[in-house]
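*Asks:* Got a structure for you, questions after.
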Amino acid sequence: MKKILRFVLDLLFPLRCLHCRRADYWLCQPCLEKIKLAPTYERFEKILVFSAADYQKKIIKKLVRTCKFSAIPELAEIMGKLLVRGVQQFPEILDLLKNESDLLIVPIPLSARRLRERGFNQSLLIAQELSNYFVQPLANLLKKSERRPQSGLAGKKRQANIHGAFLWTGENLSGRKIILVDDVVTTGATLAEAAKVLKRAGAKKVIGLVFAR
């Protein structure tokens, strides 16, 4: 069914660069190289979150939204490559990825229903790019229960909605340092809640790393 849907989408929306509309690319190499990142960091509750790009930039927003709402996994891989580029400007993250032997990369999960609908988890694909580039282990063992989409909520409603949503299903994380990966951060509620669960599982330190803020 997914293959049929993808075939229909390819017919209706032929492959063209999101920026220059060049045929046969989701984002052609010249446009990819021209993307200017805006690395920054911010503390949300008890988690420090680093982000590589500004979500308000037209191409960044288009990249994220097309990936998620048109279900195009290749765009998540592009976001992962851009995040790798952005990481070069974060000495703290870069040092962990290059030198830390007890590091674990953990993507924010989708609920089972949302994963079935989309067909992939964009945060996992982004995390895999980091894992492959820096040769660091990835554990896709954080699970999420069914909740309302965070995108439709604000403020305290976001926090209430995500509270208790995550469960760590792996081994004890005693002494491990975690890089928690997501595509976009808004209020930080999702990352903060996931970080609490990982720390309860024994994680020594949890840092958030996202594509866009």
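The values are calculated or read from the model by the stated rules, or taken from the named source; none is laboratory data. In this text, all values refer to a predicted model and were calculated from it rather than measured experimentally. Here the Cβ is made from the backbone with ideal geometry for all residues, glycine too, and neighbour counts use every protein chain on show.
*Asks:* When the residues of segment 39-60 are narrowed to those that are under 26 Å from TYR25 (Cα atoms) and touching a residue at least 60 places away in the same chain (Cβ under 8 Å), which ends up surrounded by the fewest Cβ atoms within 10 Å (Cβ to Cβ)?
*Replies:* ASP54
*Asks:* Taking the conditions exactly as written (in the same structural domain as GLU42 (by TED's automatic domain parsing), surrounded by fewer than 18 Cβ atoms within 10 Å (Cβ to Cβ), of a type in the set (D, E, K, R) and part of a strand (DSSP E or B)), does LYS157 satisfy them or not? Talk me through it step by step, then tell me what you get.
*Replies:* Numbers: in the same structural domain as GLU42 (by TED's automatic domain parsing): yes; surrounded by fewer than 18 Cβ atoms within 10 Å (Cβ to Cβ): yes; of a type in the set (D, E, K, R): yes; part of a strand (DSSP E or B): no.
Criteria not met by LYS157.
*Asks:* Of the residues ARG118, ARG85, which single one is farther than 24 Å from ALA203 by Cβ, at pLDDT 95 or above and not aliphatic (A, V, I, L, M)?
*Replies:* ARG85
*Asks:* Hey, GLU146 hits all of (1) surrounded by fewer than 16 Cβ atoms within 10 Å (Cβ to Cβ); (2) assigned to a helix (DSSP H, G or I) but one; which does it fall short on?
*Replies:* Just one mismatch for GLU146, condition (2).
*Asks:* OK, next. Looking at (1) surrounded by 16 or more Cβ atoms within 10 Å (Cβ to Cβ); (2) more than 16 Å from the chain's Cα centre (by Cα); (3) assigned to a loop (DSSP other than H, G, I, E, B), which one does LYS199 not meet, given that it meets all the others?
*Replies:* (3)
*Asks:* Here is a follow-up. Of the residues THR187, THR169, which single one is surrounded by fewer than 22 Cβ atoms within 10 Å (Cβ to Cβ) and at pLDDT below 95?
*Replies:* THR187
*Asks:* What do you reckon, is THR66 over 14 Å from ASP182 (Cα atoms) and either free of Cβ contacts under 8 Å to residues at least 60 places away in the same chain or buried (at least 19 other Cβ atoms within 10 Å of the Cβ) (or both)?
*Replies:* yes
*Asks:* Moving to a separate point now. Has segment 135-142 got any residue that is polar (S, T, N, Q) and farther than 27 Å from LEU82 by Cβ?
*Replies:* no
*Asks:* Would you call SER111 exposed (fewer than 15 other Cβ atoms within 10 Å of the Cβ) and either among the hydroxyl-bearing types (Ser, Thr, Tyr) or in contact with a helix residue (DSSP H, G or I) (Cβ under 9 Å, 6 or more places away or on another chain) (or both)?
*Replies:* no
*Asks:* Can we say GLY164 is out of contact with any Pro (no Cβ under 6 Å at 6 or more places or on another chain), exposed (fewer than 13 other Cβ atoms within 10 Å of the Cβ) and either not assigned by TED's automatic domain parsing to the domain that holds GLU42 or not hydrophobic (A, V, I, L, M, F, W, C) (or both)?
*Replies:* In short, yes.
*Asks:* I would also like to ask the following. Which of the following residues is farther than 19 Å from LEU191 by Cβ, in contact with a Ser or Thr (Cβ under 9 Å, 6 or more places away or on another chain) and either part of a helix (DSSP H, G or I) or without any contact (Cβ under 8 Å) to a residue 60 or more places away in the chain (or both): LEU32, LEU18?
*Replies:* Going through LEU32, LEU18 in turn, the sole match is LEU18.
*Asks:* Another one. How many residues are at pLDDT below 90 and touching a strand residue (DSSP E or B) at 6+ places or on another chain (Cβ under 8 Å) when one looks only at segment 2-34?
*Replies:* So the answer is 2.
*Asks:* Checking the structure you have, find out if any residue of segment 46-62 is modelled with pLDDT under 95 and either over 15 Å from the mean Cα position of the chain (by Cα) or not in a strand (DSSP E or B) (or both).
*Replies:* Yes.
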